[in-house]
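Read through the structure below, which is laid out as structure tokens, and then see the notes.
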Amino acid sequence: NAGVMQNPRHLVRRRGQEARLRCSPMKGHSHVYWYRQLPEEGLKFMVYLQKENIIDESGMPKERFSAEFPKEGPSILRIQQVVRGDSAAYFCASSRGGGNYNEQFFGPGTRLTVL
Amino acid sequence: SQQGEEDPQALSIQEGENATMNCSYKTSINNLQWYRQNSGRGLVHLILIRSNEREKHSGRLRVTLDTSKKSSSLLITASRAADTASYFCATDVRAGGTSYGKLTFGQGTILTVHP
């Protein structure tokens with residue numbers, strides 16, 4: 001049973017370009033969470049999605065950032081017009097359910113570098 | 001201070017010694033999870049302890065939870081050089097009796113185990 005998969009593992013973009021980060025949850029998991037980790041810091045929640053629905057996007061910047069989890073295919077975190085401050089590791093996690101006591105399993109992360 | 005703060009920030013010990021890391025939080029929780037992160041890598045789930053549990057074991061790991069003090073500890077016994085990593089606690093904050101698993105992470109404890 002493959003774990004949470006993220007690609008690409010490393011992404012380099014120039015300022016103003018778009019970044020698209022993909023996350024495939026574990027088999028049987030329908031809940032996806034995106035977190036961002038700045039250097040030397042803990043993870044910060046960005047957005048929580050179920051298939052075709054955004055449940056909570058309270059941690060996501062209002063501009064330039066968007067996320068989706070379509071019926072088919074991976075979840076996508078999209079960052080438009082990237083700036084240097086977007087450089088971070090972006091982690092996706094999935095869980096079987098969204099209620100209490102559900103363990104979240106994390107992917108290896110995508111390290112975004114904005115030049 | 002923020003939800004899920006670890007203490008100490010860094011811990012350096014010799015192989016064979018025990019390592020204890022503490023985590024404090026502010027609001028009521030449904031569960032608390034401990035994760036491990038090797039440098040530049042993703043997070044590995046270690047243990048989930050529910051709010052109605054006081055202690056949990058997994059191999060050389062022992063986690064305690066004191067909801068009256070809003071604190072948790074992670075004990076690693078007989079440490080090995082391979083235990084060198086950052087350790088994070090993450091809380092699943094209770095809201096209206098339920099939650100959907102949004103995790104709030106602390107800053108982490110950097111553990112270094114010298115051979």
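Worth a mention:
- 23 Å Cα-Cα threshold exceeded, pairs from A:Lys44/B:Lys26; A:Lys51/B:Lys56; A:Lys27/B:Lys56: A:Lys51/B:Lys56; A:Lys27/B:Lys56
- Full extension of the chain between B:Thr67 and B:Asn52 gives 4.6 nm of extra length, using 0.36 nm per residue less the Cα-Cα distance.
- Computed label-point distance, nm, for sites A:Glu41 and A:Asn53 using a 7 Å Cα→Cβ extension: 3.0 nm
- Taking the Cα centre of segment B:35-80 as reference, the dipole from Cβ charges on Lys and Arg (+1) and Asp and Glu (-1) amounts to some 100 debye.
- Size-normalised alpha-carbon gyration radius of chain B, reference 2.2 N^0.38 Å: 1.02
- Student exercise, chain B dipole from Lys, Arg, Asp, Glu Cβ charges, in Debye to nearest 20: 340 debye
- Net charge of neighbours whose Cβ lies under 9 Å from the Cβ of A:Pro108, counting Lys and Arg as +1 and Asp and Glu as -1: +2
- Rough spin-label spacing in nm, given labels placed 7 Å along Cα→Cβ, for B:Glu17 and B:Ala82: 2.2 nm
The numbers here are math on the coordinates, done by the rules we state, and not lab data. These numbers come from a predicted model, not from an experiment. Glycine also receives a Cβ, built like all others from the backbone with ideal geometry; neighbour counts cover every protein chain displayed.
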